Amino acid sequence: MRKQERADAILRKLHELYPETACTLDIDENVFHLLVRAVLSAQCTDVRVNQVTAVLFKKFPDYEDFLKAGEAKIGEIIKPCGFWKVKAHYLYEMARMIRDDFNGEIPKTQDELQKFPGVGRKVANLIVSELFGIPAVVVDTHCMRVSGRLGLSSGKNPAVIEKELMKILPEEEWAPFGHRMVDHGRAVCMARGPKCSECGLSDLCPSAEGADAKKTDGKKSGTKKYGKGSKGKKA
Ligand code: SF4
């Protein structure tokens, strides 16, 4: 099967497996809130970020309140997210830049968003795709690992992976595909030991157990084969 045909088939199957999918960080109408949640999500679970930000935004609802509060008070609340000193500094600096550099308005382009500390391409893509209706692939650790195992992307460079996925996916699928990679990465294709025998995509996956015998693209994937009891590579 050609790569594009396989990508189409994987996409159809992902829709069957995960008909409802969405970003697992809480999203409301305030763009600043999602920026904060995304910065806090580095090295932290989305569940914990949602819990912590529920408290944080009750006390400091918007960027002006972050500026009044200062880094120390922000840090006290975000401690459970880890790396709190650095993150508190990022959040305060972000609030300052919104006031001083962007006239109180959060910018709407990936390039401008990436000027904020703690905001890289992944977060910028998340913001524009979730809140500004701009199609973008969010390449996080799950997307990197699962799309790589599925032979839809290569390497470990998120920028390269993003381009590879944009080529083979319809635009309207870019953001939901990223969410479904997270769904699949959490449910079945985990970093430590994918459950290939339980995977609905195994017939289409060059990294599945026994995939050598299957017809995929007519070539082996560069990803590791996972035998019984073997460990998958870390994300
Ligand atoms: S077959 Fe295995 S490696 Fe491939 S997507 Fe499924 S769980 Fe991941």
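Would you pick out the residues in the range 106-158 that are in a helix (DSSP H, G or I), within 13 Å of the chain's Cα centre (by Cα) and within 26 Å of ALA9 (Cβ to Cβ)?
ASN125, SER129, THR141, HIS142, CYS143, MET144, ARG145, VAL146, SER147, PRO158
Of all residues in the range 55-90, count the ones that are in contact with a Cys (Cβ under 9 Å, 6 or more places away or on another chain) and closer than 24 Å to PHE102 by Cα.
Final tally of qualifying residues: 1.
When you check PRO80 against the structure, is it surrounded by fewer than 22 Cβ atoms within 10 Å (Cβ to Cβ), at pLDDT 95 or above and closer than 22 Å to PHE177 by Cβ, yes or no?
For PRO80, the condition - surrounded by fewer than 22 Cβ atoms within 10 Å (Cβ to Cβ), at pLDDT 95 or above and closer than 22 Å to PHE177 by Cβ - is not met.
Go through the range 28-47 and count every residue that is in contact (Cβ under 8 Å) with a residue 24 or more places away in the chain and open to solvent by 70 Å² or more (accessible area, probe 1.4 Å).
Qualifying residue count, the range 28-47: 1.
The values are calculated or read from the model by the stated rules, or taken from the named source; none is laboratory data. If you're wondering where the values come from, they're calculated on a predicted model, not measured in any experiment. For neighbour counting, all protein chains shown are included, and Cβ atoms are generated from backbone atoms with ideal geometry for every residue, glycine included. Heads up: the accessible areas ignore ligands, DNA and RNA and are worked out on the full protein's heavy atoms, side chains in. Shrake-Rupley method; radii C 1.70, N 1.55, O 1.52, S 1.80 Å.
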